[in-house]
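The values are calculated or read from the model by the stated rules, or taken from the named source; none is laboratory data. Because the structure is a prediction, the values reported are computed rather than measured. Because the Cβ atoms are built from the backbone with ideal geometry, glycine has one as well, and the counts that use them run over all protein chains shown. Please note that ligands, DNA and RNA were not included when accessible areas were found on the heavy atoms of the full protein model with its side chains. Shrake-Rupley method; radii C 1.70, N 1.55, O 1.52, S 1.80 Å.
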Amino acid sequence: MTNIRDIAKLAGVSVTTVSRVINNHPYVSEEKVSAVKAAMKKFNYHRNINAVHLSKGKTHLIGVVVPFSNHPYFGLLIEGIANAALDHNYKLVLIQTNYEETKEMEALRMLEDKQIDALIICSRICAWDVIESYSVYGPIVLCEDSRNNKISSTFIDHYKTFTMALHYLYKKGHQEIGYTIGRQTGTNSSQRDAAYKDFLTSKALSYEPSYIFTNRFDVEDGVNVAEHLLDMKNRPTALLVTSDQVAAGILTGCRENGLAVPDDLAIMSFDNQPISRVMHITTLEIPFVEVGEKLFQQAMNGQEAAHEEVQVRLIERKTV
């Protein structure tokens with residue numbers, strides 16, 4: 001296999017000169033650059049980029065973990081991360097996990113093996129102690145509230161925002177309020193559940209397990225919620241929905257089955273994705289692109305834990 005000594009011998013220059021040409025080092029004469037490049041072409045030689053990264057201690061690659069790559073929520077986060085990465089001459093390595101722990105572990109091992117410079121986890125499945133054990137190998141940043149842990153994060157305070165939304169619906173006259181959610185585990189889900197139960201206690205309202213719809217991620221899941229409501233004898237008068245996609249499905253299902261929105265069912269959601277604007281859904285806007293940019297900046301700032309809360313904004317439309 002050809003090496004730089006072979007290149008140096010054919011070009012009639014030193015090994016150091018070959019190395020400088022390969023790495024675009026200045027102060028090498030045009031004559032020597034031409035000779036080295038001619039020798040490289042003759043041998044069909046290409047530099048080993050892994051060896052270059054190893055010597056420099058940088059790959060200029062950032063790992064980004066998402067459970068699903070086709071969901072608008074994560075698509076907007078990736079957009080923000082990618083915009084910031086482009087500005088800093090970094091590339092992204094996208095790891096889709098489908099919430100499988102083994103897939104997330106593969107991403108963590110990539111950080112351990114120095115295949116990436118930092119890791120951004122947009123939605124976590126591994127336990128905190130596992131994540132923290134890998135933080136010694138490089139910066140890890142989470143898109144969830146990690147203020148009680150030693151991992152950096154950019155996050156939405158879902159306890160606070162869920163409480164705000166519940167009070168908004170209550171002031172609109174609703175006392176039978178339910179909610180839909182994606183997965184039941186995770187920091188964000190725990191915060192929402194705590195906010196919901198604390199709100200009911202503060203208003204002396206009863207807890208109805210049938211008002212909570214779990215594992216709802218997309219439009220079709222929302223349509224199924226609307227169809228399920230038709231079979232309920234005592235259904236909620238309002239639903240707080242953790243995704244505009246699901247809210248759009250609920251609204252569609254209500255229209256198809258004769259439930260008037262907001263008269264029969266008020267709907268309030270999260271995100272302010274384009275679909276919520278098209279369907280005039282009241283929502284709490286989360287600036288995902290901004291969140292993604294902040295996640296990247298934290299990944300670049302190193303391993304010292306930092307936490308940044310991003311605020312949401314109420315967008316009032318016709319569904320409440």
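Let's test the formula: R0 of 30 Å, r as the Cβ-Cβ distance of ASP129 and GLU176. What FRET efficiency results, to the nearest 0.05?
Efficiency computed from Cβ-Cβ geometry: 0.15.
Please give the FRET efficiency for ARG109 paired with LYS41, using the beta carbon to beta carbon distance and R0 = 41 Å, rounded to the nearest 0.05.
Numbers: r = 37 Å, r/R0 = 0.91.
After rounding to 0.05, the efficiency reads 0.65.
In square angstrom, what is the accessible area per residue of the chain with a 1.4 angstrom probe?
Value for the chain: 50 Å² per residue.
Divide by every residue of the chain the summed helix terms, -39500 (n - 2.57) for each DSSP H run of at least 4, and state the resulting mean residue ellipticity at 222 nm, rounded to the nearest 500 deg cm²/dmol.
Mean residue ellipticity, 222 nm, calculated: -14000 deg cm²/dmol.
Where in segment 153-179 is the amide nitrogen less than 15 Å from a point lying 7 Å along the Cα-to-Cβ axis of GLU304?
Residues 153 fall inside that zone.
Which order do the peptides 13-23, 82-92 come out in when sorted by mean C-beta neighbours inside 10 angstrom, highest first?
13-23, 82-92
Going out from 0 in 5 Å bins, what whole percent of all Cα-Cα distances in segment 118-180 drops into each bin?
4, 15, 22, 17, 9, 10, 10, 7, 4, 2, 0
Sort segment 172-320 into rounded, prolate or oblate with this rule: let a ≥ b ≥ c be the square roots of the eigenvalues of the Cα gyration tensor; rounded if a/c is under 1.5, and if a/c is not under 1.5, prolate when a/b is larger than b/c, oblate otherwise. Before the final figure, lay out each step's value.
Values: a/c = 2.13, a/b = 1.58, b/c = 1.35.
In terms of gyration-tensor shape, prolate.
Efficiency by 1/(1 + (r/R0)^6): what FRET value for LYS150 and GLU227, r their Cβ-Cβ distance, R0 = 56 Å, to the nearest 0.05? List each step's numbers first, then the result.
Working: r = 45 Å, r/R0 = 0.80.
Once rounded, the FRET efficiency stands at 0.80.
log₁₀ I(q)/I(0) of segment 143-244 at q = 0.17, 0.20 Å⁻¹, via Debye over equal Cα point scatterers, no solvent, to two decimals?
After summing over all Cα pairs, the log10 values are -0.81, -1.07.
Checking a compactness column here: for the chain, what do you get for Rg(Cα) / (2.2 N^0.38 Å), N being the number of residues?
Dividing the Cα Rg of the chain by 2.2 N^0.38 Å gives 1.32.
For ASN215 and ASP198 in one chain, what is 0.36 nm times their gap in residues minus the Cα-Cα distance, to one decimal in nm?
Values: separation 17, 0.36 × 17 = 6.12 nm, distance 2.21 nm.
Separation in residues times 0.36 nm, less the Cα-Cα distance, equals 3.9 nm.
Relative to the longest principal Cα axis of the chain, at what angle does helix 30-43 sit, 0 to 90 degrees, rounded to 10?
Between the helix axis and the principal axis of the chain, the angle is about 80 degrees.
Would you mind checking the pairs LYS32/LYS114; LYS58/LYS294; LYS91/LYS114; LYS172/LYS203; LYS172/LYS197 and listing those with alpha carbons more than 25 angstrom apart?
Long pairs (Cα-Cα over 25 Å): LYS32/LYS114.
Per q in 0.25, 0.26, 0.30, 0.31 Å⁻¹, report the Debye log10 I(q)/I(0) for segment 94-146, using one uniform scatterer on each alpha carbon and no solvent.
The calculated log intensity ratios at q = 0.25, 0.26, 0.30, 0.31 Å⁻¹ are -1.02, -1.11, -1.49, -1.57.
Applying a 10 Å radius around every beta-carbon, put 238-250, 26-38, 116-128, 268-280 in order of their mean neighbour count, most first.
On the way: 238-250: 27.0, 26-38: 13.1, 116-128: 22.1, 268-280: 20.4.
Ranked from most to least packed, the peptides come out as 238-250, 116-128, 268-280, 26-38.
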